[in-house]
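Novice: Dumping the structure here so I can ask a few things about it.
The values are calculated or read from the model by the stated rules, or taken from the named source; none is laboratory data. The shown structure was predicted, so the numbers you read here are calculated from the model rather than taken from an experiment. Don't worry about glycine lacking a Cβ; one is built from the backbone with ideal geometry, like all the others, and counts go over all protein chains shown. The protein model used for the area step is the full one, side chains on, heavy atoms only, and it has no ligands, DNA or RNA in it. Shrake-Rupley method; radii C 1.70, N 1.55, O 1.52, S 1.80 Å.
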Amino acid sequence: MRKQPHSPSPIRPVSSGKWTSRTSKHIHILQSVDLNALPWLMHGFSTRTGGVSVLHDEKVLNLGFTDWDNRENVLENRRRFQSVLGASQMHLVPLKQFHSDIICVFKTPPAEPCRTDAYRTDAYRTDANRGDASATNHPGLLLGIQTADCVPILLVDPKKHAVAAVHAGWRGTLARIVQKSAGRMRMEFGSKPQDLLAALGPAIGGCCYQVGTEVASAFATKFADAENYFDELRTGDEPNPVQWLNQLPPGHQPPPPCVLLDLRKANRAQLFEAGLREKNIFVSNLCTACHTNQLFSYRKEGAESGRLMSVIGVRDSSDPRSTKRLLSS
């Protein structure tokens, strides 16, 4: 069934911390008010509307290279996204993501952009960009991670002027990628956990994210508080007292039902464990699967879903806005 075009409505996040939406040329960008208060910082979470890509007769802001979209559209969408954000002069540094716990640190600009379509999932032909988190204190670099349900997390050290962008799906969360990213910032930049700020953007919520009981079992073996991340912690090993009613022989029982996982709650807990203060963690409760008119959701839309991009960077000192307070538009 083809999706009908729609008129986007303003996004009104219900969340911890204050959030605002910047809109220009039909492009909506979500931002944390607390992060906006830092004049040297650039950040933003993209939404679905305002691009040149066409998906089911709808123009969308797809920021990732996918089979259904062409490279020229994606590059134009990225250009528009950076323009509305006010980051046209910054060097966008995306990653080749693969649900790992690898953290890339950029202290200088990375390699030159790849000009062919052969390396479609990344803008750079280098293993230095292969990972699921990145960090820098180098002005002019705009770190970017792509999501379509996973949790985008932006970390900021307001004292050291260092930042990180983290892509946390269930595998990355299980591998503690956000906790490791905070630790990497401490090692590379001298960041203290109690100084860090964290913004968790739109992601699939605990209301919609069904996973198998084997995932619940994996979390239960690694996290003492894993039961807090699920609607009901079932591992699949629980006895079924009435299984004889289905008259199936042993070994042919139906698989146990799925469970609901709250990835943002799990990552928030890791940030606490890493030493961040509760008042410094800002969470958008927008669920990608519940709001496909405004966001992309791979779980809800399948392979034809687009990709959101969350970005963060340190403004160059030549940017006049880095010397005065940035006013929200």
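Novice: Considering only residues that are touching a Leu at 6+ places or on another chain (Cβ under 9 Å) and not in a strand (DSSP E or B), look in segment 27-39 and name the one that is nearest to VAL156 (Cα to Cα).
Specialist: LEU35
Novice: Just wondering, is there one or more residues in segment 207-218 that are open to solvent by less than 40 Å² (accessible area, probe 1.4 Å), closer than 30 Å to GLY302 by Cα and part of a loop (DSSP other than H, G, I, E, B)? Full working, then the answer.
Specialist: First pass over segment 207-218, keeping only residues open to solvent by less than 40 Å² (accessible area, probe 1.4 Å): 209, 211-213, 215-218.
Then drop every residue that is not closer than 30 Å to GLY302 by Cα, which leaves 209, 211-213, 215-218.
The next check asks that each one be part of a loop (DSSP other than H, G, I, E, B); those that pass are 209, 212.
Yes, segment 207-218 contains at least one residue that is open to solvent by less than 40 Å² (accessible area, probe 1.4 Å), closer than 30 Å to GLY302 by Cα and part of a loop (DSSP other than H, G, I, E, B).
Novice: Something else about it: When residues of segment 47-60 are filtered for being out of contact with any Lys or Arg (no Cβ under 6 Å at 6 or more places or on another chain) and assigned to a loop (DSSP other than H, G, I, E, B), how many remain?
Specialist: The qualifying residues number 3.
Novice: If we keep just the residues of segment 266-299 that are among the aliphatic types (A, V, I, L, M) and part of a loop (DSSP other than H, G, I, E, B), which is surrounded by the fewest Cβ atoms within 10 Å (Cβ to Cβ)?
Specialist: So the first thing to find is which residues in segment 266-299 are among the aliphatic types (A, V, I, L, M), and the list is 266, 269, 271, 274, 276, 281, 283, 286, 289, 295.
Cutting the leftovers down to part of a loop (DSSP other than H, G, I, E, B) gives us 276, 286, 289, 295.
Values: LEU276: 22, LEU286: 23, ALA289: 20, LEU295: 30.
This residue is ALA289.
Yes or no, residue by residue, for (1) in contact with a Cys (Cβ under 8 Å, 6 or more places away or on another chain); (2) farther than 29 Å from LYS25 by Cα; (3) at pLDDT 95 or above; (4) part of a loop (DSSP other than H, G, I, E, B):
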position: PHE81; (1), (2), (3), (4): no, no, yes, no
position: ALA111; (1), (2), (3), (4): no, yes, no, yes
position: TYR119; (1), (2), (3), (4): no, yes, no, yes
position: ALA135; (1), (2), (3), (4): yes, yes, yes, no
position: ASP149; (1), (2), (3), (4): no, no, yes, yes
position: LEU154; (1), (2), (3), (4): no, no, yes, no
position: ALA165; (1), (2), (3), (4): no, no, yes, no
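Novice: Check segment 182-194 and report whether any residue there is closer than 23 Å to ASP149 by Cα and open to solvent by less than 20 Å² (accessible area, probe 1.4 Å). Even if it seems obvious, please write down each step before you answer.
Specialist: Of all residues in segment 182-194, those closer than 23 Å to ASP149 by Cα come to 182.
Applying the additional criterion that residues be open to solvent by less than 20 Å² (accessible area, probe 1.4 Å) yields 182.
Yes, because at least one residue in segment 182-194 is closer than 23 Å to ASP149 by Cα and open to solvent by less than 20 Å² (accessible area, probe 1.4 Å).
Novice: Can you tell me how many residues within segment 55-66 are over 22 Å from SER21 (Cα atoms) and either open to solvent by less than 40 Å² (accessible area, probe 1.4 Å) or at pLDDT 95 or above (or both)? Steps first, please.
Specialist: To start, the set of residues in segment 55-66 that are over 22 Å from SER21 (Cα atoms) comprises 55-57, 65-66.
Cutting the leftovers down to either open to solvent by less than 40 Å² (accessible area, probe 1.4 Å) or at pLDDT 95 or above (or both) gives us 55, 65-66.
Within segment 55-66, residues that are over 22 Å from SER21 (Cα atoms) and either open to solvent by less than 40 Å² (accessible area, probe 1.4 Å) or at pLDDT 95 or above (or both) number 3.
Novice: Could you check segment 81-112 and list, in sequence order, the residues that are surrounded by fewer than 20 Cβ atoms within 10 Å (Cβ to Cβ) and either farther than 29 Å from MET185 by Cβ or among the small types (Gly, Ala, Ser) (or both)?
Specialist: If the condition is that a residue be surrounded by fewer than 20 Cβ atoms within 10 Å (Cβ to Cβ) and either farther than 29 Å from MET185 by Cβ or among the small types (Gly, Ala, Ser) (or both), then SER83, GLY86, SER88, SER100, ALA111 are the ones that fit.
Novice: Among (1) modelled with pLDDT of 90 or more; (2) open to solvent by 70 Å² or more (accessible area, probe 1.4 Å); (3) in a helix (DSSP H, G or I), there is one condition LEU245 misses while meeting the rest; what is its number?
Specialist: (1)
Novice: Another question, then. Cβ-Cβ under 7 Å, sequence separation 6+ or interchain: first residue in segment 24-38 and at positive phi and of a type in the set (D, E, K, R), partner open to solvent by less than 40 Å² (accessible area, probe 1.4 Å) and assigned to a strand (DSSP E or B). Which pairs?
Specialist: Qualifying pairs under 7 Å: LYS25/GLY50.
Novice: May I pose another question? Please go through segment 1-41 and give me each residue that is modelled with pLDDT under 95, among the β-branched types (Val, Ile, Thr) and open to solvent by 40 Å² or more (accessible area, probe 1.4 Å), ordered by number.
Specialist: Selection gives VAL14, THR23.
Novice: Further question on the same structure: Pick out the one residue from ALA274, ALA266, ALA303 that is at pLDDT below 95 and small (Gly, Ala, Ser). Walk me through it before giving the result.
Specialist: Working: ALA274 fails: at pLDDT below 95; ALA266 fails: at pLDDT below 95.
Just one listed residue meets the conditions, ALA303.
Novice: Taking segment 162-183 on its own, how many of its residues are in contact with a Leu (Cβ under 9 Å, 6 or more places away or on another chain), of a type outside the set (Val, Ile, Thr) and within 14 Å of ALA198 (Cα to Cα)?
Specialist: Number satisfying all stated conditions: 8.
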